[in-house]
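Working notes, structure below.
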Amino acid sequence: MRQFEYVRAASPADAVRRFAPGTMYLGGGTNLVDLMRLGVAEPGRLVDVSRLPLDTIEPDGDRLRIGAAVRNSDLAAHPLLRLRYPMLARAVLTGASGQVRNMATIGGNLLQRTRCGYFQDVTRPCNKRQPGTGCPAIEGDHANHAILGASDSCVATHPSDMAVALAALGAEVHVTGPGGDRVIPMPGLHRLPGDTPERDTVLEPGDLITAVELPAPPPGPSAYRKVRERASFAFALVSIAAVLDLRDGVVGDCRIALGGVAHVPWRAERAEEALIGGPATGEAFLAAAEAELEAARPLPRNAFKVPLARNLIVRTLEELAS
């Protein structure tokens, strides 16, 4: 690990003022410190934002505002979250071990980087780490990689469980930066790789996430389901956040987001469109899943994710309908 300057920000505005080329923000550090040890991230300056007054969870009418410095464990245990947004609480709990959740912040969770082995190995080429060097995962180890929205430049997946639930809920991410304050909808914060996979999000240099705002809870029961290689502390092969509102056996509203399948939390808009206004039957759920997965372009060793995602969508919706 190379030497770097460490400073502690006194306010969000102070953090933005201290940002310069080679600077990175430090929250809980559960991802960034690992990347620094591996040599993947080599900031010249760290601006510590973990102690900023952004660690509160506050109701605003039927909405809920979550500060970016809130720890994952505090969010998952908050009574209002468990009551109003149980799907999000479940997603946070499945995201990591208790030790990691005690350190990780909400803002950092959204910005964590892919766990692709080629990205984390500085001896190997990687377009995300060094643009223009290639993506060896396409011909190599890609069993856990993307089946939707990938490109010839990158087939990595986004690792956050929480972001999948936020995409399904239609959350808003509040950001401050050199250009002022703005609000970014979810989905919309993260971006597909295209020809520039080194850019995970639409954030500009110096932008700092200050809060996540949840809209009013959607009607209908919700669920978060995660398929992984072991029972705990593992990233998703495929995950789903879903909300299903039925009115006399007809789907009135439906929200579906998938994890482990793309460079972003994947909002399943085709499946939602196929379901809304139709019957809540197993046949309809299967048709909707297949409509969503028509766009899948799996690689040879991750083709199993297509039937896995299809079955997970159908099973979860059937559980919610019952």
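Of the options Ala167, Pro193, Gly132, report the single residue whose Cα projects farthest towards the positive end of the charge dipole of the chain (beta-carbon charges: Lys, Arg +1; Asp, Glu -1). Farthest along the dipole direction, towards plus: Gly132. For segment 106-185, the fraction of alpha-carbon pairs lying more than 21 Å apart is 42 percent, rounded to a whole number.
Report note on the peptides 157-163, 52-58: ranked by the mean count of other C-beta atoms within 10 Å, highest first, their order is 157-163, 52-58.
May I ask you to give the percent of accessible area on the chain that is carbon plus sulfur, with a probe radius of 1.4 Å? Carbon-and-sulfur percentage of accessible area, whole number: 50.
Using the Stokes-Einstein relation with a Kirkwood hydrodynamic radius computed over Cα pairs, the translational diffusion coefficient of segment 213-270 at 10 °C and a viscosity of 1.306 mPa s comes to 124 µm²/s. Each 20 Å bin from zero up to the one holding the largest Cα-Cα distance in the chain carries the following percent of pairs: 32, 58, 9, 0.
Note on the chain: GNM, Cα springs under 10 Å; of Arg191, Arg225, Arg247, the largest mean-square fluctuation is that of Arg247. Expressed in units of 2.2 N^0.38 Å, where N is the residue count, the Cα radius of gyration of segment 1-121 is 1.15.
Can you compute the charge dipole magnitude of the chain about its Cα centre, using +1 on each Lys and Arg Cβ and -1 on each Asp and Glu Cβ, nothing else charged? Give it in debye, rounded to the nearest 20. The calculation lands at about 900 debye. Each semi-axis of the equivalent ellipsoid for segment 202-322 is √(5λ) with λ an eigenvalue of the Cα gyration tensor; in descending order they amount to 24, 21, 14 Å.
With a cut-off of 8 Å between alpha carbons and a minimum separation of six or more residues, what is the relative contact order of segment 257-310 in percent? The value is 28 percent. For segment 114-251, the extents of the C-alpha atoms along the principal axes are 55, 42, 27 Å, listed from largest to smallest. What does the C-alpha gyration tensor say about the overall shape of segment 57-165? Classify as rounded when a/c is under 1.5, otherwise prolate if a/b is larger than b/c, or oblate. Cα axes put segment 57-165 in the prolate bin.
The values are calculated or read from the model by the stated rules, or taken from the named source; none is laboratory data. If you're wondering where the values come from, they're calculated on a predicted model, not measured in any experiment. All Cβ positions, even for glycine, are placed from backbone atoms using ideal geometry, and neighbour counts span all protein chains on display. What goes into the accessible areas is simple: the full protein's heavy atoms, side chains included, and nothing from ligands, DNA or RNA. Shrake-Rupley method; radii C 1.70, N 1.55, O 1.52, S 1.80 Å.
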